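First comes the structure, then the notes that go with it.
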Amino acid sequence: MRIENDLKLDFSDVLFRPKRSTLASRKEVSLERRYIFKHSQYTYEGIPIMAANMDGVGSLEMALALQKHQLFTTLVKSYHLEDFEGLDTQLDFRHFAISTGTSQYDLDRIDAILKKYKAIKFICIDVANGYSEVFGDFVEKVRKKYPKHVIIAGNVVTADMTQELILRGADIVKVGIGPGSVCTTRIQTGVGYPQLSAIMECADAAHGLGAHIISDGGCTSPGDVAKAFGAGADFVMLGGMFAGHDEGGGTIINEYHDTHQVDSETNESIFEEKKFVEFYGMSSTTAMEKHHGGVADYRSSEGRTVRVPYRGKVDKTVKDILGGIRSTCTYVGAPSLKQLSKCTTFVRVAKQFNDVFVK
Ligand code: 5GP
C-alpha cells in the first residue's frame, strides 16, 4: 500500500483571486475558442461547453438548441442511422459528436452513421473506466479507421493515462471519475480523484503533447464551469446543469407540495404545484433497464435516479452560464476565455459562499 499525501482539490475548495483589469464591461469578453486537434488536424471554432451524452441531455433537440449559441453536444449512444434522417440539413456538424462504447454492436452502429453522414466529424469513445488495456486498443483501432475524425476518449483522471490515450490516437481526453451529479462510483467503489486537481494534472499532460482535454462532471454552477476553464480545461462537459429542459425530452412530472397555509375562504390547505423531470446516471438501474434490459448479475448500479426542477427552454440557462463566465473573466482581467487560465490565481478556501438563505 502507498499513500499520496499532497492535497488534491475540488471546485468547492477554491475561489478566483480578483485582479486589476482594464476591461470596461463583460460584453468585451470573447468566449469563442479555436483549436487545431493533434491527430485529425481538424480546426474547431466555438464556445467549448458541451452537453453530456446522457439521457435527457445529449439529445438531437439539445444539439439544435445549443448550436445556435455555438455550444457543443455529445449525443447519447442510443441514436441510430435513421434518427439523423431529415435532421441532417438542420444539424451543424461542427457542434456535435456521436458517442460509442467499445462493443462491436456500437462500432457497427457508428460505422453506419459515419458512412452515410460524411460531414460528422466528432466521435466520442466513452467508458466509465478508461484505464483498461482493451479501451486503449479500441481507441487505436478507431483512429486507424478514421484518421481525419476528431476522437474524444475517456474517462481518466491522471496524467499517465491521458498521455497513453493521446498516443493511442485520441485528440481530446475526457477527464472525470466520480464527480458527476448522479454518479455513485465513489460510494460504490471508493475510486475517484478531486476534479480541479484532475483537470490541472491532465491538462498539463495533454497540452505538453499538443492535445486537449474535457473536464467532465462535477460542475454545479457557472462559477464551477469558470473554475474548470481556469484550471486548464479546453472544454467543459455538463450533465446536471443541462438537465430538466424541454430539449432533453423527459416527461414532466407534477408534484403538489403542502405550503402549510390555509385558504381563508374555503379553509382548505393550499398546495403548490411544482414541475420536475426525471434525470438519471447512465450507469443507474433506470438507464440499464432502459437500454440493456436490466442490471447484469456481475455488476452494480453506479448512478442515481433523481427528479430535477423543470426549467423550460435551455436558452436561458445557456445565457446564465455564459454571463457568469464572462463576469469571471472581467474579475481576473482576462479579455477572452483563452486568457482565463493564464490570468487565474486560485485561493484555497474553507468556505465557498454564504448559504444562509439557501434551502
Ligand atoms: P454532471 O455534470 O451531471 O455533474 O456530470 C456529468 C457526467 O457524469 C457525465 O458526462 C458522465 O461522465 C458522468 N455520469 C453520467 N452518468 C453516470 C453514472 O451513472 N455513473 C457515473 N459514475 N457517472 C456518470
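Residues in the stretch 249-258: is at least one among the charged types (D, E, K, R) and within 14 Å of the ligand (Cβ to nearest atom)? Taking every residue of the stretch 249-258 in turn, none turns out to be among the charged types (D, E, K, R) and within 14 Å of the ligand (Cβ to nearest atom). Given the criteria surrounded by 21 or more Cβ atoms within 10 Å (Cβ to Cβ) and under 26 Å from Leu7 (Cα atoms), does Ile152 qualify? Spelling it out, it is not the case that Ile152 is surrounded by 21 or more Cβ atoms within 10 Å (Cβ to Cβ) and under 26 Å from Leu7 (Cα atoms). Out of Thr344, Thr328, which single residue is surrounded by 15 or more Cβ atoms within 10 Å (Cβ to Cβ), in contact with a Phe, Trp or Tyr (Cβ under 7 Å, 6 or more places away or on another chain) and in a helix (DSSP H, G or I)? Of Thr344, Thr328, the one residue that is surrounded by 15 or more Cβ atoms within 10 Å (Cβ to Cβ), in contact with a Phe, Trp or Tyr (Cβ under 7 Å, 6 or more places away or on another chain) and in a helix (DSSP H, G or I) is Thr328. In the stretch 260-277, of all residues being surrounded by 11 or more Cβ atoms within 10 Å (Cβ to Cβ) and farther than 13 Å from Met54 by Cβ, the one that is nearest to the chain's Cα centre (by Cα) corresponds to Phe276. Taking the stretch 90-141, which residues are hydroxyl-bearing (Ser, Thr, Tyr), farther than 14 Å from Ala153 by Cβ, without any contact (Cβ under 8 Å) to a residue 24 or more places away in the chain and part of a loop (DSSP other than H, G, I, E, B)? Within the stretch 90-141, Ser103 is the sole residue that qualifies. Within the stretch 185-222, the set of residues being in a helix (DSSP H, G or I), of a type in the set (Gly, Ala, Ser) and within 14 Å of the ligand (Cβ to nearest atom) comprises Ala198 only. Quickly run through the stretch 1-49 and pick out the residues that are in contact with a Leu (Cβ under 8 Å, 6 or more places away or on another chain) and open to solvent by 60 Å² or more (accessible area, probe 1.4 Å). Answer for the stretch 1-49, where residues must be in contact with a Leu (Cβ under 8 Å, 6 or more places away or on another chain) and open to solvent by 60 Å² or more (accessible area, probe 1.4 Å): Glu32, Lys38.
The values are calculated or read from the model by the stated rules, or taken from the named source; none is laboratory data. Note that the coordinates shown come from a computational prediction; the quantities given were computed from them, not determined experimentally. A quick note on method: Cβ atoms are made from the backbone with ideal geometry, for glycine too, and the neighbour counts reach across all protein chains shown. For accessibility, only protein heavy atoms count, side chains too; no ligands or nucleic acids. Shrake-Rupley method; radii C 1.70, N 1.55, O 1.52, S 1.80 Å.
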